[in-house]
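Working notes, beginning with the structure itself.
The values are calculated or read from the model by the stated rules, or taken from the named source; none is laboratory data. Bear in mind that the values here come from a model prediction, so they are computed numbers and not experimental data. Please note: Cβ atoms are built from the backbone with ideal geometry, for glycine as well, and neighbour counts cover all protein chains shown.
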Amino acid sequence: MASKRTTVRDLRRHNRSLLLSKLYFDGPLSRHELSQLTGLSAATVSNVTAELGEERLITEAGQVESDGGRPRVLLRVDPAYGHVAGVDIGETGVKVELFDLAMNRLATVEHPLPKAPDPATAVEQVTSGLREVFASAGIDESGVLGVGIGVPGAVEQGTEVLVHAPTVGWDAVPFASLLVDAGVSLPLFIDNGAKTQGQAEMWFGAGRGARHAVIALIGSGVGAAVVTDGTTYRGSTSSAGEWGHTTIAYGGQECRCGSRGCLEAYIGAEAVLARYRRVRGKDITGEDEQAQFSALLAAAPKSKTAARVLDETAGYLGAGIANLINLFNPERIVIGGWAGLALGEQLLPRIRAAAGEHALRHPFSQTSIQLGSLGLDAVATGAATLPVADLLEQGATSRIAKPGAPDSDAA
């Protein structure tokens with residue numbers, strides 16, 4: 001197979017992407033530091049940063065003393081270059097958030113969804129939420145780089161993005177096309193919510209600095225982002241990471257996906273509450289699932305039934321984590337999602353102990369298990385990083401035409 005010929009444009013885009021990414025994640029940096037860190041020549045760094053500065057993508061951020069010479073100017077990505085929106089479509093609600101390019105949150109809205117929402121309802125809430133955050137922040141659509149969306153279920157990336165989410169009744173839903181038909185004209189980036197949470201934690205949170213990690217999402221459902229050598233593993237059709245639908249008990253509890261014995265049927269919030277109801281014979285108080293789950297955790301010190309159900313849940317979660325350790329040998333496991341964070345805050349030592357009981361001793365000893373640090377906004381924040389990641393990968397060649405900026409795709 002003949003190798004692809006690298007053109008001058010390819011090289012230029014690579015250099016722009018390399019320098020822009022380095023400034024985004026590690027800046028502010030001087031031109032001298034950029035040259036040292038990227039291996040690019042001083043002349044190349046000078047030329048490319050001058051170009052990025054003219055396009056208003058980067059800006060000066062003060063000076064630093066040099067060894068015996070003139071002070072060096074520090075550079076950073078300009079937060080005001082553009083904005084990004086992040087959307088978290090959960091099973092019970094939609095959260096829409098707006099950020100500047102430095103991921104400072106500017107506006108947020110939340111809308112409830114009915115249980116197992118149909119795609120049309122979700123589309124309506126997303127479009128409404130986008131209008132609201134733009135209006136709240138006083139931002140015109142022309143200054144928005146794109147909209148990232150985290151959805152439940154597997155996302156098949158291709159010429160048409162299809163969402164497969166059997167737990168909410170979505171079968172090959174062309175969600176991006178539905179949004180376009182509803183009037184959304186911005187670039188759209190759609191991915192599984194566990195994967196967007198994973199990217200957020202890897203960029204800014206508890207996963208930062210790790211090359212091999214698994215970021216778990218535990219809410220009503222259960223998923224994970226598997227990161228190998230710094231890259232999210234996707235599989236042949238982008239559905240990798242459905243950890244919640246790995247079998248923990250052959251012929252066990254029925255799962256919402258239609259199978260039996262799935263991990264989600266034992267540690268997902270809906271399943272945990274159902275197990276408590278079966279044992280106790282009555283519901284736990286609370287206006288919604290999250291409130292009921294919080295009440296269950298609060299009841300544990302006084303209720304033997306609640307304590308036993310939660311202890312079993314921690315055990316199943318630990319066993320599921322052990323499977324991840326044995327399969328992927330990560331250096332770090334991060335537990336996120338609203339139910340995962342709540343469980344971890346109360347039961348992390350028990351979860352770690354259960355993982356140690358079921359994992360191979362050596363890889364377990366090399367793996368840390370910790371809670372996510374971005375809280376309940378992780379999915380939406382990670383979704384908003386999708387257009388940022390595209391900008392960095394493309395070297396910001398023409399996402400937004402800034403007034404007075406040169407054509408960045410010009411030779």
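Residue-level analysis places Leu19 outside the set of residues that are under 31 Å from the mean Cα position of the chain (by Cα), closer than 17 Å to Glu393 by Cα and surrounded by fewer than 12 Cβ atoms within 10 Å (Cβ to Cβ). Cβ-Cβ contacts under 6 Å between residues 6 or more apart (or on different chains), taken from a first residue in region 191-205 that is assigned to a helix (DSSP H, G or I) and of a type in the set (Gly, Ala, Ser) to a second residue that is surrounded by fewer than 24 Cβ atoms within 10 Å (Cβ to Cβ) and at pLDDT 95 or above, are listed as Ala200/Leu374. The set of residues in region 99-127 being outside any loop (DSSP other than H, G, I, E, B) and out of contact with any strand residue (DSSP E or B) (no Cβ under 7 Å at 6 or more places or on another chain) consists of Ala120, Thr121, Val123, Glu124, Thr127. Listed here are the helices (runs of 4 or more DSSP H) enclosed by region 263-330 that have at least 2 residues being touching a residue at least 12 places away in the same chain (Cβ under 8 Å) and surrounded by fewer than 22 Cβ atoms within 10 Å (Cβ to Cβ): 269-280, 289-299, 304-328.
For Glu91, are the conditions met, namely being in contact with a Gly (Cβ under 9 Å, 6 or more places away or on another chain), part of a loop (DSSP other than H, G, I, E, B), buried (at least 16 other Cβ atoms within 10 Å of the Cβ) and assigned by TED's automatic domain parsing to the domain that holds Ile190? Against the criterion (in contact with a Gly (Cβ under 9 Å, 6 or more places away or on another chain), part of a loop (DSSP other than H, G, I, E, B), buried (at least 16 other Cβ atoms within 10 Å of the Cβ) and assigned by TED's automatic domain parsing to the domain that holds Ile190), Glu91 qualifies. Checked against the criterion of being at pLDDT below 95 and under 19 Å from Gly148 (Cα atoms), region 399-408 contains one or more residues that satisfy it. Take Ala85 and tell me if it is within 21 Å of Ala176 (Cβ to Cβ) and either in a helix (DSSP H, G or I) or at pLDDT 95 or above (or both). When the stated conditions are applied, Ala85 passes them. The condition (being within 30 Å of Ala102 (Cβ to Cβ), surrounded by fewer than 18 Cβ atoms within 10 Å (Cβ to Cβ) and of a type outside the set (D, E, K, R)) is satisfied by just one residue among Gly395, Gly375: Gly375. The condition (being farther than 24 Å from Ala80 by Cα, crowded, with 20+ Cβ neighbours inside 10 Å and of a type in the set (Val, Ile, Thr)) is satisfied by just one residue among Val133, Val96, Val144, Val168: Val168. Figure legend. Inter-residue proximity from region 215-243: first residues in the same structural domain as Glu331 (by TED's automatic domain parsing) and assigned to a strand (DSSP E or B), second residues of a type in the set (Asp, Glu) and surrounded by 24 or more Cβ atoms within 10 Å (Cβ to Cβ), beta-carbon distance below 8 Å, spacing 6+ or different chains. Indicated pairs: Ile215/Glu201; Val222/Glu264. Within region 229-262, restricting attention to residues that are closer than 17 Å to Asp191 by Cβ and not small (Gly, Ala, Ser), the residue that is surrounded by the fewest Cβ atoms within 10 Å (Cβ to Cβ) is Thr231. For region 344-390, a residue qualifies if it is among the aliphatic types (A, V, I, L, M) and either without any contact (Cβ under 8 Å) to a residue 24 or more places away in the chain or in a loop (DSSP other than H, G, I, E, B) (or both), and the qualifying residues are Leu348, Ala359, Leu360, Leu374.
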